[in-house]
Structures are given as C-alpha cells and as structure tokens.
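Visitor: Have a look at this one before I ask anything.
Just so it is clear, none of the values below were taken in a lab; they were calculated from the coordinates. None of the values given here were measured: they were computed from a predicted structure. All Cβ positions, even for glycine, are placed from backbone atoms using ideal geometry, and neighbour counts span all protein chains on display.
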Amino acid sequence: MLASPWYRGALTLTHIYMALITATDLQHAFGHVALLDHADFSLQEQERVGLVGRNGTGKSSLLKLLAGEFQPDGGRVQIQNGVKRVYVAQEPVLNHGETVFDSVSHGVAEAKAVRDRLLQQDLQHGDHDALHAQIELLDAWNWEQRVSEAVERLSLPAQTMIGQLSGGMKKRVALAQALVALPDVLLLDEPTNHLDLASIEWLESLLKGYKGSLIVISHDRAFLDNVATRVVELDRGVLRSFDGNFTRYQGLKEEQLEQEAVIQAKADKLLAQEEVWIRKGVEARRTRAQARIARLDALRQARAARRDAVGRVKLDLARGDSSGKIVAELEDVSKGFTADGQTKTVVQHLSATLLRGDKVALMGPNGAGKTTLLKLILGELQPDTGVVKQGTQLSVAYFDQLRDQIDLDATLEDFISPGSEWIEIGNKRTHVRSYLGDFLFSPARAHSPVRTLSGGERSRLLLARLFARPANVLVLDEPTNDLDIDTLELLEDLLARYEGTVFLVSHDRRFVNNVATSILAAEGDGRWRMYEGNVEDWLTQSQRVAETTAKDKTTSSSPALTATVPVNHAPPERKRKLSYKEQRELEALPTLIDALEAEQATIDTKLADGQLFVQAPLEAAQLCERRATIDDELLEAIGRWDELGSIAG
C-alpha cells in the first residue's frame, strides 16, 4: 500500500456488511435492442469488478445507471445509506477556464469546505468538536497534499489551463479528481486509455490497495488480470459473474460457450423433429396431442427469444505490393522543438535500420516523442541533424490519421467506400455491406450516420477502412483504445501473420507482447534504444543494460577515489609477471572474443527475420536471452584481456 496521507484516508470508510449496490431486474433498451434484459447485479465491500463485453452491448450505460446518472426503463438500483459513488466517464466534462490543480481539487470540495469553515468561523464548543471529527474523517487537513500527489503521479501540469490539454490529459485530470475524493465506490470507464505504462502500473498499485470497491470497464487484459477480483460480462442483455481475474474468466467462459452450444443444438434438433410431426396434421388433431402442440409452441417461442452470441470480427488486409527490403535507415538522427524560448530534444543521435516484416513497438512515457519519431521514420518530418533514408515502394496506412478525418455525418457505407458499393481486397471483390458485416455491422446500419456509433464501434469502423486500403506499412497509433477484447485478439492474430511492416504505439502490454518483434524504447533526454523481442524481453534487457552502465560508471570513477589517498613514499614494488596459467589465458582470449562476436552476428542474422518470433517464439526468446548474455561475456573477456595485457606489458 502506498504511504501517502491522502491514500491512507481511503481506510476511513463506513463499515457496511450488506451489498453496497444492488440492481434487480434491470431493463434498458436502445431502439429495438435490449441492452439490459431483466439483469441483476450486486457489489460487495472491497470488491474490484471488471466489467467486460462486446462494444455496443451497453457497458457504459450500465455503469451510468449504477452511478445514478439516469434511471433504467425497468427494475431498480438500490444504494446503501452513506455510500459515496464517483463516476469517471470516457469523455469527462471539465471547466476549460480552470487550472489542472483547481479542477482536481473539486474531488476534495467537501474536505476543503469543512476545513475552511473551521478556520474562518467562531464556533461553539460542540460544533467545534463535531467539525474536528468530520475533518479527521475526510482527512481535510491534508487535502492540498492529496491533490498535489495525484497531479504528480499522473504527470499532470498543475498550473496549465484545462482548455490547453489534449483529450488524453483531460481524462487524467478526471481520474485524479475521482481518486482524491476517496469514494466508497469508484466507477471507471476505460481508465487506462491514453495512460502510459508507468501511469498504468501506478494506477494498478493504487487500485489493488484501495479499501473501497471498484467497478471498471476495461479492454486492457493485463490491467484486468492485475486488478480484478471478479469479472462480470454483459452478453446479450444478461450479466454473468465469474470469480477471479481475467485469465480465469477466459477459461470459464470457453467452457460455458461449449455447454451453451450443446444445449442449443439439442433444442434445435428437438424443434426440427416437432415441426416435422406437426406438418403431418392428422395426429395433431387428436385430443391427446394437445400437450405436444403446446410444447412445440413453447419451443418456437424459446427459439425466437434466443439471442445468439454475436459473431467474431472477420479481419483481412488489402495487401499492397511488397516494399524494398529496407523500410527506413536512420543515421545519427536528432530532432528537437523550441517552445517558450526552451528547446526540447526528443530524438538524439539515433541510428537504426528498419527492415521489411519488422513489427516495431515504440515504447515510452507520454511526451517522449513517439509520434515525432514515427513521422521522422516515415519522412513526414525532417531531422535537425543526421539522415533518414526511406525504402522503395512504400505504401503506408496510418490509423491515427483516420481518426482526425472521420466524418460523423457520413453513413457507414460511404465512410468505408466513398462513391462505390464494392471493395477490392487482394483479388477478391466484396460488396460494402458484406464487408461491414465482417466487422459486425448489420446491413440495416449501413445507411446510419457514423455519429450514432459508440466509441468502440467507431474504432472498429476505422479498422475496417484501414484494412480496405492496399498497404505494405501499417502505422497503428494507440489502436487498442475502445476495441473490445475479442477484436483485440483477432487483430493480434492478423498482425502476427501480416507480411508487411508494422509500427505500433500502444501501452497495452499484452497486445504489444503478442505483436511486436522489437521494441524501440525511449530512455530519457531524447535517447532511444532498439531491443529485440517483446515487452518482457525489453524490460529484461534494459535492466541488464542499466546494471552494466552502473558498473562501468563505478569502474571509471575508481581512479578519482584513489587520488584522495595519501601518497605512499615506500619503494615501488617489483613489476609482477604473468603466471603460466595467466599467459595461456591471455593467448586464448582473442579467440574467445572472436567466437563470441561471431555467435552474436549469427544470432542477429536470425533475429533480423521477424517471422522467427511468429513461427518459433520459444527459440526467438532463447536467442534474445543468449544475445544479452553474450554482451556480458564480451565485456568480461575484453576487460580481462586489457588487465592481463597491461601486466604482460
């Protein structure tokens, strides 16, 4: 648990031994679709519930109902007395005329008001004692510290005006505002969107130690694994509960779907048999057959009422002609920007070669310059110094640009294929409505405007348009935001099989792990380093690099330490000679160093083919591990060679 005073305030919660929130027989519809179909739900003390489900199934609507934002069409939501709820929407509404600090302070408005009242008014003794008790309960003495820590932890500029922030930064402000309020129930809608890896890990740590209860909508599987104590799935209007984290839910869900398929198949077979019987007509008119006719009617009604599981998205790519072997080559590239008289270097002396088939994830905190580096690689920006050489026959499809170009008034059909009813993917010609169906949009919605779609559905539509464009280089800037988990898994599979080059910016650790073959990581002050493998490989290798660097610094600083020792005027010792064993070791070291360098070159050649990470991930991981070990062995061998060589003279 974190040790900060504002966090400890979360321990001061009313003890309630019944459910904090109870929802019974909830009914809510959007048009003719029942988002909640007589659904039940309850939230217990200190539960952390992950709410999952397909895009458009009504998760955000359910969260708003539980937050008291609006009332259901039917059923009821009961809240225990004294329970404080705070809801953070996907698109928070903030006052653009306030600073970040003042906006976050709204979360502690009650604590602030209570303390101000004590400081400003002359109270009777009884009122004074009651107010002191309330101040202790709300941890009101430390409200500034709570706000400051939340602002710092989420890397927010305290004195910047809200109107100057990006959408992602505004989401952070709303999250900080909710966290400092210390509610009994925290309701979060996609809190990890737009957060960098460090902020996500901090949020996980806070929520795991939080003494209140939590309901969170998220498609970040690693986040749900680390935070959730129970997963609740909204599927076809019904809520189903699974104890445990997301990984356990996946296993239980697979078993449930298999059982459901068997039950439905038996019901369909029985219905078919009864339909054959009723058509014979003669037996059906007999009195003793009336019970059988009633059963047939019941079977028909059950089949009509059944809401089949929504199909999976069918993803395919319109592949362009192959690019040249080299996609981009950077030689000693630097790039900086000047603002308010100060220059910030976002890329400093970077050299790298990016090859066809590479799947490169750019990792680093928000503001590190990932988008700038992407634009340098693709030739959209010119470096201040150094040279960037683009490869030949590049055809780039850029996911983030599509978000900026989206026309909310266009129909789904026109947005996907302007001016034509057909889409050509490879050698296959597909009608636009059939293509929309592959992305789970029904033909009836083809003429609906884009603005009627949920955030997740819009992301799915953008992917549909992206994949309809012939390309051999895909640039995916935060593609996982708002995508449901099923679509994420299918996108992972598609990108793993994609023969072109992928540049990916994402803070979804599991998605990057399953897609990336190398990591281009920001290491501060505009420095970037390329690591082979996925996120886990990057974290392991970067830790070793940091340890080696620290060791080198210690070694290089040792002469300065010895300089402070008083001079010894004793006669110099006789120069030591190498022993026979050391002489043999010195003679063998050049051969060892050559062998290590040759082995390293062989590994680099194997890892340069990105397909190895797809076809033989275990071998690729072992090679990455061995390459990192070779670095250590080389440093040790070269150091020993220098040491023995200096003795030999």
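Visitor: For the range 98-182, what size does the Cα cloud have along each of its three principal axes, sorted from largest down, in whole Å?
Guide: Sorted largest first, the three principal extents are 49, 20, 14 Å.
Visitor: Pop out the ³J(HN,Hα) list for the range 70-84 in order, Karplus 6.51 cos²θ - 1.76 cosθ + 1.60 with θ = phi - 60°, rounded to Hz; leave Gly and Pro as x.
Guide: 7, 9, x, 5, x, x, 8, 10, 10, 10, 5, 4, x, 7, 9
Visitor: For the range 387-398, in order, what is each residue's ³J(HN,Hα) by Karplus, 6.51 cos²θ - 1.76 cosθ + 1.60 with θ = phi - 60°, in whole Hz (x at glycine and Pro)?
Guide: Karplus values, whole Hz, x for Gly and Pro: 10, 10, 10, 7, x, 9, 6, 7, 10, 9, 10, 10.
Visitor: How would MET530, MET363, MET169 line up from fewest to most surrounding beta-carbon atoms within 10 angstrom?
Guide: Values: MET530 16, MET363 26, MET169 19.
Lowest to highest Cβ neighbour count: MET530, MET169, MET363.
Visitor: So who's got an amide H within less than 5 Å of the one on GLY533, skipping anything under 5 residues away but keeping other chains? H placed 1.01 Å off N, in plane.
Guide: HN-HN under 5 Å from GLY533: SER518, ILE519.
Visitor: If we count other beta carbons within 10 Å of each Cβ, what is the order of HIS219, HIS96, fewest first?
Guide: Numbers: HIS219 24, HIS96 12.
Ascending number of Cβ neighbours within 10 Å: HIS96, HIS219.
Visitor: Amide H to amide H, which residues 5 or more places from VAL327 or on other chains are under 5 Å from it, using H placed in the peptide plane?
Guide: Residues meeting the amide H criterion: LEU354, LEU355, ARG356.
Visitor: Please compare each pair in LYS59/LYS112; LYS64/LYS112; LYS335/LYS389; LYS389/LYS428; LYS325/LYS375 to a cut-off of 23 Å on the Cα-Cα distance and tell me which ones are over it. Provide the component values of the computation, followed by the final result.
Guide: Values: LYS59/LYS112 34 Å; LYS64/LYS112 27 Å; LYS335/LYS389 15 Å; LYS389/LYS428 34 Å; LYS325/LYS375 20 Å.
Pairs exceeding 23 Å: LYS59/LYS112; LYS64/LYS112; LYS389/LYS428.
Visitor: Can you list residues whose amide H is under 5 Å from THR385's amide H, if they're 5+ apart or on another chain and H is modeled 1.01 Å from N?
Guide: SER334
Visitor: Fully extended, how many nm does the chain gain between THR385 and LEU408 (0.36 nm per residue separation, minus their Cα-Cα distance)? Walk me through the numbers on the way to the answer.
Guide: On the way: separation 23, 0.36 × 23 = 8.28 nm, distance 4.06 nm.
Here the segment from THR385 to LEU408 would lengthen by 4.2 nm.
Visitor: Please rank HIS28, HIS132, HIS507, fewest neighbouring Cβ atoms within 10 Å first, as an exposure proxy. Show your work: numbers first, answer last.
Guide: Values: HIS28 21, HIS132 14, HIS507 26.
Lowest count first: HIS132, HIS28, HIS507.
Visitor: Under the Karplus relation 6.51 cos²θ - 1.76 cosθ + 1.60, θ = phi - 60°, what is the ordered set of whole-Hz ³J(HN,Hα) values for the range 350-358, x standing for Gly and Pro?
Guide: 9, 10, 7, 10, 10, 10, 4, x, 5
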